[in-house]
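Report on one structure; see the data block that follows.
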Amino acid sequence: MVVGDVTTGTEVLVVGAGPGGYVAAIRAAQNGLDTTLVDRDAYGGTCLNYGCIPSKALISATDVAHDARNAEEMGVYADPLIRADEMQEWKAGVVDQLTSGVEKLCKANGVNLIEGEATFVDDSTARIAHGGEGQGSESIEFEHAIVATGSRPIQIPGFEYADDPVWSSRDALDVEEPPEKLLVVGAGYIGMELSTVFAKMGVDVTVVEMLDGILPGYEDDVSRVVKKRADDLGIDFNFGEAASEWVEDGDGIVVTTEDEDGEESTYDADKVLVAVGRQPVSESLDPEAAGVEVDEHGFIATDDQARTNVDNIYAVGDVAGEPMLAHKASKEGIVAAEVIAGEPAALDQQAIPAAVFTDPEIATVGMTEAEAEEAGFEPKIGQFPFRASGRALSTGESEGFVRIVAEQEADFVLGAQIVGPEASELIAELTLAIEMGATLEDVASTVHTHPTLAEAVMEAAENANDEAIHTLNR
Ligand SMILES: Cc1cc2nc3c(=O)[nH]c(=O)nc-3n(C[C@H](O)[C@H](O)[C@H](O)COP(=O)(O)OP(=O)(O)OC[C@H]3O[C@@H](n4cnc5c(N)ncnc54)[C@H](O)[C@@H]3O)c2cc1C
């Protein structure tokens, strides 16, 4: 029989096996729903294959080399050798272990797995084209569908990712032979994380950014700490410039940028990494064929239960809008699966943390001081610098601070901003505080292990109430 003749039925069809889709599929199956998960590429989506995990693997490996090279203050002398090809092998092992884990978990939970590209025919049928010649296609009739098709890097005119010297973030994560000179276009979180990786490999990194600073969206005193460290690493920044073209020049390339007055600058490089943001992927699925509305950027609008404008179709993760983060995708996936199963689930946007794995890390959750004021609160602020933390000093990483934003009268935590060592881990305590409606008093009176970085969270809470012991109250 030709595969194209087959039509099967499923209660829940999930399109996309990234952290939004595979988590949704597992939870739907756990709820007893007959669930089919389809992906045209690899289990784990962008996050496991081309995003969070490979980038963090390279960040950790280059941190080891950088820390060893700079530990003379601690009396440690080392001259580590980086073998980028072996680093890639190790990274690939980490990715393989996780992606095969996703496949096993899906199977163990009874999810039907299909490889292929899904396209909606209408609001209850999808066609799955299996990759490769002669592989054919099949039809699936579904009661509910969850769209989790993710996002891809934005391209800028004149910089085609198919051209060899032009890298997307995905290309940059696979490099076995680092270039001598790298030009990075964009100082958002992906541009900054990867610039740091390459600088720590010994690559001469230059960043051009259209705006007037790094990491738009973060407060100045937060991004300043990261910028200072990036300056120390030798990364060269050029703000207020947009990349306009590149040409070959001998063995390398020359990239031209323009400022807002049309003034041009040129940069020599071997490769150019374009990291100017990501855009949703939805066109191959043809959501409109199912009646699902897509905005002019390709995003699918959803409510707090991940529902689209079509009753039985849900959308989760990057395709459903900002913040484009793996944990937001997974949480939405769980909500969609539970709503389909008839449970009273909904997404609470206020306690979604975000982390940037630069050196040092940044992590935030909830409101900043300005956002709290805008929302009508009279916030009180507590701050604790890592230079006053015994643990931070003993690890040689004492730049940055923990800041907590709280409500003046009722004392509950509204938000937090952390820049410094292990910020991505420390933010979990304050995320839980917001989720539980905890007060500063709750955080401050919780006994924290000594000596740990987490004590800085307790101290910041004490500081907000003018009860700090290890820093002056403000
Ligand atoms: C370099 C980099 C670093 C990152 N670091 C972090 C981080 O540290 N923390 C964090 O939270 N986030 C990070 N992200 C973002 C994170 O990867 C995304 O937010 C997350 O992957 C979104 O999950 P998703 O399930 O929505 O989509 P994706 O992970 O993009 O998965 C979508 C899947 O859908 C499949 N698909 C698409 N269309 C179809 C179709 N028509 N038929 C079948 N299959 C289809 C794709 O093949 C893909 O596997 C990073 C991203 C990048 C690029």
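The values are calculated or read from the model by the stated rules, or taken from the named source; none is laboratory data. Nothing here was measured: the structure is a model prediction, and the numbers come from that model. All Cβ positions, even for glycine, are placed from backbone atoms using ideal geometry, and neighbour counts span all protein chains on display. The accessibility values were calculated without ligands, DNA or RNA, using every heavy atom of the protein model including side chains. Shrake-Rupley method; radii C 1.70, N 1.55, O 1.52, S 1.80 Å.
Meeting the requirement of 2 or more residues that are in contact (Cβ under 8 Å) with a residue 12 or more places away in the chain, open to solvent by 50 Å² or more (accessible area, probe 1.4 Å) and more than 11 Å from the ligand (Cβ to nearest atom), the strands (runs of 3 or more DSSP E) wholly within region 40-153 are 117-122, 137-147. Residues that are away from the ligand (no atom under 12 Å from the Cβ) and either of a type in the set (A, V, I, L, M, F, W, C) or open to solvent by less than 20 Å² (accessible area, probe 1.4 Å) (or both) within region 180-194 comprise Leu182, Leu183, Val184, Val185, Ala187, listed in sequence order. For first residues located in region 195-210 and open to solvent by less than 10 Å² (accessible area, probe 1.4 Å) and of a type in the set (Gly, Ala, Ser), partners that are at pLDDT 95 or above and assigned to a strand (DSSP E or B) and lie 6+ apart or on another chain with Cβ distances below 7 Å form the pairs Ser195/Val184; Ser195/Val205; Ser195/Val207. Could we say that Ala355 is modelled with pLDDT under 95 and within 25 Å of Glu193 (Cβ to Cβ) here? It is false that Ala355 is modelled with pLDDT under 95 and within 25 Å of Glu193 (Cβ to Cβ). Any residue that is touching a residue at least 60 places away in the same chain (Cβ under 8 Å), more than 28 Å from Thr46 (Cα to Cα) and aliphatic (A, V, I, L, M) - is there at least one of those in region 181-193? No, every residue in region 181-193 fails to be touching a residue at least 60 places away in the same chain (Cβ under 8 Å), more than 28 Å from Thr46 (Cα to Cα) and aliphatic (A, V, I, L, M). A single entry from Asp304, Asp311, Asp295, Asp286 fulfils the requirement of being within 11 Å of the ligand (Cβ to nearest atom) and under 23 Å from Val15 (Cα atoms): Asp286. One residue alone among Val402, Val447, Val443 is among the β-branched types (Val, Ile, Thr) and in a helix (DSSP H, G or I), and that residue is Val443.
The residue that is farthest from Val121 (Cα to Cα), counting only those in region 302-330 that are within 20 Å of the chain's Cα centre (by Cα) and open to solvent by 70 Å² or more (accessible area, probe 1.4 Å), is His327.
Against the test of being in contact with a strand residue (DSSP E or B) (Cβ under 9 Å, 6 or more places away or on another chain), under 13 Å from Glu462 (Cβ atoms) and modelled with pLDDT of 95 or more, the options Ala392, Ala416, Ala423, Ala444 yield a single qualifying residue, Ala444. Entry remark, region 356-375: residues being crowded, with 21+ Cβ neighbours inside 10 Å and outside any loop (DSSP other than H, G, I, E, B) number 8 in total.
For region 371-400, the set of residues classified as of a type outside the set (Ser, Thr, Tyr) and free of Cβ contacts under 8 Å to residues at least 40 places away in the same chain consists of Glu373, Glu374, Ala375, Gly376, Phe377, Glu378, Pro379, Arg387, Leu393, Glu397, listed by residue number.
When Glu422 is tested against (1) open to solvent by 40 Å² or more (accessible area, probe 1.4 Å); (2) out of contact with any Leu (no Cβ under 8 Å at 6 or more places or on another chain); (3) of a type outside the set (Val, Ile, Thr), exactly one condition is not met: (2). Tallying residues that are hydrophobic (A, V, I, L, M, F, W, C), touching a Lys or Arg at 6+ places or on another chain (Cβ under 9 Å) and within 11 Å of the ligand (Cβ to nearest atom) within region 260-283 yields 1.
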